[in-house]
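Scroll down for the structure; my scribbles are underneath it.
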Amino acid sequence: MTTEASARLRRLLAVLPLFAERGEVSLAELARRTGVNSEALLDDLSALTDRDDVPGGFIDSVGIELGAESVVIRASHFLRPMRVTVSELCALELGVAMLRSTSMPDEWAAIDRARARIRKLLVKLPLDDAPLPWHSTPPSGSDSPLLATIRQAIAEHRTVKIGYRASEARETSERVIWPLGAVPSHGTWYVVGAVSDGRELRFYRLDRIESVSLLSESFEVPADFVLEHVLSNGRPFSGREVATMRVRYSPRIARWIAEREAAPIDDDGSITVSHQVADRDWAVRHVLQYGPDAKVLEPAELRAEIVRRLAAMLH
């Protein structure tokens, strides 16, 4: 949109609510609202009716009557109350929250102010006939200075050194990665990092990153990297050789697994879930953490690998 078109749109948005309320508005008031002379104002209003690119089909008409000192606009578009409903505000608040998750830290203050204004309106307006509305909750760590540093590195294509403590590790280890992206998933943040000159992707949970240092070395994002492609069912996932692991969880933990995996519970109270697996070590750790409450149904070779590791631990 050109600067001239943008300015015209702003002026029209400023004056059209007046016509919805009263139908007839004086030229003097319109001039005060828009800050332009009557000639420019009439040209703006004419743009509502004079169109060379009218598409086919039925289009509601807009009628404009120009008087010596006032303007009248008649249009069926104004029959709908010009207000935002509670449901629309909830959708808007969710969109703004999603925008924040992909914005740079210097933009957060303005976005947070917008969200605060929307939430103030939410408590003032009467509820719609629709179900009770809801609004978003940002993932854990969204305000973390570590995430801010990582986002800076992503934007500047800078290598970082992170202090990371894996789930099975007792101590923190230092790792040098190329931060390619940061994605929110299931209430937390994951950093998508490349190692080995960008040929291998790894995922790092933000709540396990204990330190971040910007390094002077820069990197080039691999030509075939697309952030959306490393997600599977909304979760970080990447791998060339993908297998499916089916796990049965006992009734004792089935309800918790069902909530996390959004899967139905079987008639006997247990639950069976299929997982995509690109990292066999992850699959083994995942099953072992539940002890006797998780059983691998397939593939058979993965079940055998778990038995082998358990035997090694007992000797």
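What is the Cα centroid distance between the stretch 202-230 and the stretch 154-196, reported in whole angstrom?
Computed from Cα coordinates, the inter-centre distance equals 6 Å.
For the pair Leu94 and Gln289, how long in nm is the line joining their label points, each one 7 Å along Cα→Cβ?
Spacing of the two 7 Å Cα→Cβ label points: 2.8 nm.
Amide H to amide H under 5 Å from Thr188: which residues, 5+ apart in sequence or cross-chain, H placed 1.01 Å off N in plane?
Here Ser140 satisfy the definition.
Pull out the extension gain between Ala47 and Leu13, defined as 0.36 nm times the separation in residues minus the alpha carbon to alpha carbon distance; nm, one decimal.
So the chain would gain 10.9 nm between Ala47 and Leu13.
Whole-Hz ³J(HN,Hα) for each residue in the stretch 269-277, computed from phi via Karplus 6.51 cos²θ - 1.76 cosθ + 1.60 with θ = phi - 60°, x for glycine and proline: what do you get?
x, 8, 9, 10, 10, 9, 10, 7, 10
Which peptide among 289-302, 255-268, 149-162 comes first, and what is the full order, when sorted by highest mean count of other Cβ atoms within 10 Å?
On the way: 289-302: 13.9, 255-268: 12.3, 149-162: 18.4.
My ranking of the peptides, most packed first, is 149-162, 289-302, 255-268.
Stretch Glu39-Val195 to full length: gain in nm at 0.36 nm per residue minus the Cα-Cα span?
Extra length available between Glu39 and Val195 comes to 49.9 nm.
Readers should treat all values here as calculations from the given coordinates under stated rules, not as data from a laboratory. It should be emphasised that the depicted structure is a prediction, and the values quoted were computed from it without experimental measurement. We place every Cβ from the backbone using ideal geometry, glycine too, and count neighbours over all the protein chains shown.
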